[in-house]
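Here the structure comes first, spelled out in structure tokens, and everything after it is commentary.
Derivation of every value follows stated rules applied to the coordinates shown; laboratory data play no part. Bear in mind the structure is a predicted one, so any value in this text is a computation, not a measurement. Note: ideal-geometry Cβ built from the backbone for every residue, glycine included; neighbour counts use all protein chains shown.
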Amino acid sequence: MTSPPPKPGRAAALLPALLSLAAFVALWEALAALLAEPGTLPGPLRVLDVLGDEAASGRLAHATGVTLLRVVAAFVVAMAIGVALGLLLGRSGATDRWLNPWLVILVNLPALVVTVLCYIWIGLNELAAITAVVLNKVPLVTVMVREGARALRPDLDDMAQAFRMRPADRLRHVILPQLAPYIAGAARAGLSLIWKSW
């Protein structure tokens with residue numbers, strides 16, 4: 001029986017990623033020099049220069065703070081609505097049959113369409129931006145949590161009924177621990193999509 005090959009050291013493991021990033025920056029610089037249009041494709045050094053100016057003026061910190069506030073607001077609202085809807089649809093077959101067609105439509109609706117409609121209906125403001133992102137992310141969270149709610153163990157539910165657990169205790173001690181992996185997956189996917197929406 002042969003032993004597995006030794007794992008590479010930390011530096012050796014990082015080397016391919018660093019070389020890949022260096023190749024990307026070199027390609028970027030070459031394309032920027034070839035195009036010679038800084039307004040269309042500025043090179044990495046020009047971008048770093050502007051980034052430094054923005055950071056020194058404080059505009060970068062302000063814009064980053066506003067973006068993070070939008071991300072947090074959209075994430076919290078999308079997760080709250082999506083988890084509640086997913087739990088409801090996963091636990092109630094009648095509600096799932098009633099709302100599933102709408103969920104399928106919303107999951108497949110292009111994000112750009114929702115964004116444009118929100119700007120038309122609400123106006124060009126923060127509320128429209130956050131609403132558009134929430135509407136785009138709630139279906140994803142709902143579907144993931146619904147699948148988790150469908151996979152809940154009925155014997156644990158029966159145990160909670162036998163011990164006459166209050167609904168809040170049943171949610172906290174029986175349902176949410178089983179849903180935790182699904183909620184974590186929905187949060188990870190939702191956060192990445194929300195971040196890319198800004």
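Helix 111-122 and the longest principal axis of the C-alpha atoms of the chain enclose an angle of approximately 80°. Computed from backbone phi with θ = phi - 60° and the Karplus coefficients 6.51, -1.76 and 1.60, the 3J(HN,Hα) list for the range 174-183 is 10, 7, 4, x, 6, 7, 3, x, 5, 5 Hz; x is used for glycine and proline. Among MET165, MET144, MET79, which one shows the highest mean-square fluctuation when the chain is modelled as a Gaussian network with alpha-carbon springs under 10 Å? Looking only at MET165, MET144, MET79, the biggest GNM fluctuation is shown by MET165. Pairwise Cα distances in the chain exceed 32 Å for 45 percent of all pairs. Placing unit charges on the Cβ atoms only, positive for Lys and Arg and negative for Asp and Glu, gives the range 69-197 a dipole magnitude near 100 debye about its Cα centre. 3J(HN,Hα) couplings calculated from phi for the range 124-131 with the Karplus curve 6.51 cos²θ - 1.76 cosθ + 1.60 (θ = phi - 60°) are, in sequence order, 8, 8, 4, 4, 5, 5, 5, 4 Hz; Gly and Pro show x. Scalar couplings 3J(HN,Hα) for the range 44-51, obtained by applying the Karplus form with A = 6.51, B = -1.76, C = 1.60 to θ = phi - 60°, are x, 5, 5, 5, 4, 5, 5, 4 Hz; x denotes Gly and Pro. Just check the range 17-56 against the gyration tensor rule for me: Cα atoms, a ≥ b ≥ c as the square roots of the eigenvalues, rounded for a/c under 1.5, and otherwise prolate or oblate depending on whether a/b exceeds b/c. Here the range 17-56 falls in the oblate category.
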